[in-house]
Amino acid sequence: ALPICTLDGRSCFPVETSTKAKQMVREQYATTTEGTSLERPPNRYVYKIGIYGWRKRCLYLFVLLLLIIIVVNLALTIWILKVMWFSPTGMGHLSVTSEGLYLEGESEFLYPLYAKEIVSRKDSSLLLQSSQNVTVNARNAEEQVTGRLLVGPQMVEADGQQFQINSNNGKMLFSANENEVVIGTDKLRITGPEGAIFEHSVETPLVKADPFKLLRLESPTRSLTMDAPKGVQIKANAGNISILSQMDIRLQSSDGTIKLDTENVRLPKLPLGLKGNAGSSQGLYEICVCPDGKLYVSDAGIKSTCQEYSRVCQGSS
């Protein structure tokens, strides 16, 4: 056993070691006591503890690189917070309130927006704008589309069971469904130069033109019929009334009469009756009626000359 003592020589304890270990211990830990002049033998075996050389430089370089990355990340985080205007109440122009989200200025949404209610500011209007189209959908509890409003570059399309427009006081102005279209206004004005074209019947109490404008009711290829249970009134306060037809114009009254109430009644193109010998005309004529209702004129005389000019009726039969 080899005794191992402290440097001051006050305490020692035995240690079982080999011969080589004893020699190494003697060489490394041999000391002199107080008052002796023995010299310590030189250390032949020195063991260094730690990281040295290129490993130490790589470690320092790695620590420096990690520190740089941390500083850059911190700077980018501060920059993003500064640019995006993050605050305790929201981000930029977007604020979170107890009533919902409050957004100021213009905003661009790249994906669909789901909201229960969209309200503009009290002092400005609400503008929805898109480069393609703006679509507003209404869905039920089963995620099925029950109504759609599509505003495209060429048309505005609304899909639903009924389309209705109301005024500020709740009065219905326009309503449309599969069965009928109802216009609730007191007056419907059509300002187009070609007027309005209806493929089927139109029911209205009054058809009126603008002041100093002409009113024309026309059917290019079919017939035009005006029916009313209590009468049809055609009136022109400051102009003429013209009825043009390629074929016949029929005025028919089933129970009443047809009355022409005017100071002058002119039929300028009635045919002139014919008789065997041409007589002298004094410029006066009388109107004659054939059995089939055809009218013609004949030279007036002391007595009726319709019988003499009745060859017109024979030509029409």
Seminar exercise, completed: Two pseudo-spin positions, 7 Å from Cα along C-beta at F163 and at I69, lie apart in nanometres by 6.1 nm
Exercise. Roughly what percent of Cα-Cα pairs across region 141-285 reach past 27 Å?
Worked result: 52 percent
Exercise. Net charge near S201, counting Lys/Arg +1 and Asp/Glu -1 over other residues with Cβ under 15 Å of its Cβ?
Worked result: -3
Problem set entry | Heavy atoms of W79: accessible area, 1.4 Å probe, square angstrom to 10 | 150 Å²
Exercise. What length, rounded to one decimal in nm, is gained on full extension from E203 through to V182, with 0.36 nm per residue of separation minus their alpha-carbon distance?
Worked result: 6.5 nm
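The values are calculated or read from the model by the stated rules, or taken from the named source; none is laboratory data. Everything quoted here is computed from the prediction, not taken from an experiment. Here the Cβ is made from the backbone with ideal geometry for all residues, glycine too, and neighbour counts use every protein chain on show. Areas reflect the complete protein model, heavy atoms only, side chains present, ligands, DNA and RNA absent. Shrake-Rupley method; radii C 1.70, N 1.55, O 1.52, S 1.80 Å.
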